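Chemist: Quick one: structure below, then a few questions.
The values are calculated or read from the model by the stated rules, or taken from the named source; none is laboratory data. Just so it is clear, the structure is predicted and the values come from calculations on it, not from any experiment. Counting neighbours? That spans all protein chains shown, and the Cβs are built from the backbone with ideal geometry, glycine included.
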Amino acid sequence: MKNKIIAILTTCLILLNCSPVLANGNNIIVGSETIDKTIFEQEDYIVDYVNDMLGEYDKSNIEKTDIDYSKIIREFVGVDIFQDDVLTDNKMQEYTANQDVYYVLPVQYDGATVLSTLKIGEPLDDETKKTMSNEDVEFYENRIGEWYICFSNVRPRIVDNYKDIVDRVLEKNNIQNSKVYFIGSPCSHIDLAAVICNENPDDTRVLVLEQYHTECGYIEKSDALDGQVLLEKETLYTYDDIKTLVDADKEAVSKLPEGSMGYLGVPLESSETTTLTDNNKIIIISAVAGAAVLAIAIAAICIAKKKKAEKVTEE
């Protein structure tokens, strides 16, 4: 009887995750309505991985029932949505079509939050294998066709559910009948943003959810490093606001000497400051640590984290 109840609950959970996800005012969170149910097949692996991460902070272990899959979001990674002068939902659909699927799963427990990014393992091409160790190649080949955690970090606090933040901001600004896309790393200073749009380009807004910091968290003013971009929490910016930052980032990167590296979100040098249009509250200093550096850094982090995933799986 107990097994039957668990099976029924699991089925209900899958069905709920396959239904359209609505925010306030009939706004739709894109991607969250089509969560691949095969992700549940990796639940034992996810629990072990999260517990391993929590153990580093002397936190208690979670059980399967502590994972709230309703908080999972689909993140669109490597999508350049700032190519044009304006952005609409139709263009967002074009930009995000046929993209690799990444899910961000937050697990809140014992005063901490583990943020894990999952993707399905794919075969490596011969050129990529040449740049990797035999150990790394073996790890990725063992994950082909299966969901695995390619990146994760622990926040020693409870992080607000991203969907709740979006819902709260949409309600506060009376936004209705729009779609929400979670975009990963649009530039070197922004780790995660929610793009809110419909077919009227004047309505497009960007909500920055995570900014890069040395501890992978939203930057507090007191923690900001010299020259680092500061963006307000729960504030909607126009498409032009963020495009200004992204374009400055690209230009700075294009002027970098070959092989130059910098910290995420921290400029090696500064150019002229640019003022955002949002009540002139925020000053942007263009960063040199841009998209190319960001991609390399993320790849390095993923390779480092995969060894932890392998260790957990073996145990």
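Okay, residues lined up against (1) crowded, with 18+ Cβ neighbours inside 10 Å; (2) closer than 19 Å to residue 190 by Cβ; (3) within 20 Å of the chain's Cα centre (by Cα):
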position: 62; (1), (2), (3): yes, no, no
position: 92; (1), (2), (3): yes, yes, yes
position: 100; (1), (2), (3): no, no, yes
position: 110; (1), (2), (3): no, no, no
position: 167; (1), (2), (3): yes, no, yes
position: 177; (1), (2), (3): no, no, no
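Chemist: Still on this structure, I have one more. Which of the residues spanning region 234-258 are part of a helix (DSSP H, G or I) and under 19 Å from residue 206 (Cβ atoms)?
Modeler: 239, 240, 241, 242, 243, 244, 245, 246, 247, 248, 249, 250
Chemist: Which of the residues that make up region 90-119 are free of Cβ contacts under 8 Å to residues at least 40 places away in the same chain and under 27 Å from residue 65 (Cβ atoms)?
Modeler: Hit for region 90-119 is 119, nothing else.
Chemist: With surrounded by 13 or more Cβ atoms within 10 Å (Cβ to Cβ), in contact with a Pro (Cβ under 8 Å, 6 or more places away or on another chain) and either closer than 29 Å to residue 248 by Cβ or among the basic types (Lys, Arg) (or both) as the only criterion, which of 82, 151 stands out?
Modeler: 82
Chemist: Grab the helices (runs of 4 or more DSSP H) fully contained in region 80-155, keeping just those with 1 or more residues being modelled with pLDDT under 90.
Modeler: Once the helices (runs of 4 or more DSSP H) in region 80-155 are filtered for at least 1 residues that are modelled with pLDDT under 90, what remains is 134-141.
Chemist: Just need a number here: residues in region 47-67 that are more than 18 Å from residue 150 (Cβ to Cβ), among the acidic types (Asp, Glu) and at pLDDT 95 or above.
Modeler: 2
Chemist: Against the condition touching a Phe, Trp or Tyr at 6+ places or on another chain (Cβ under 7 Å) and within 23 Å of residue 203 (Cβ to Cβ), how does residue 75 come out, does it pass?
Modeler: yes
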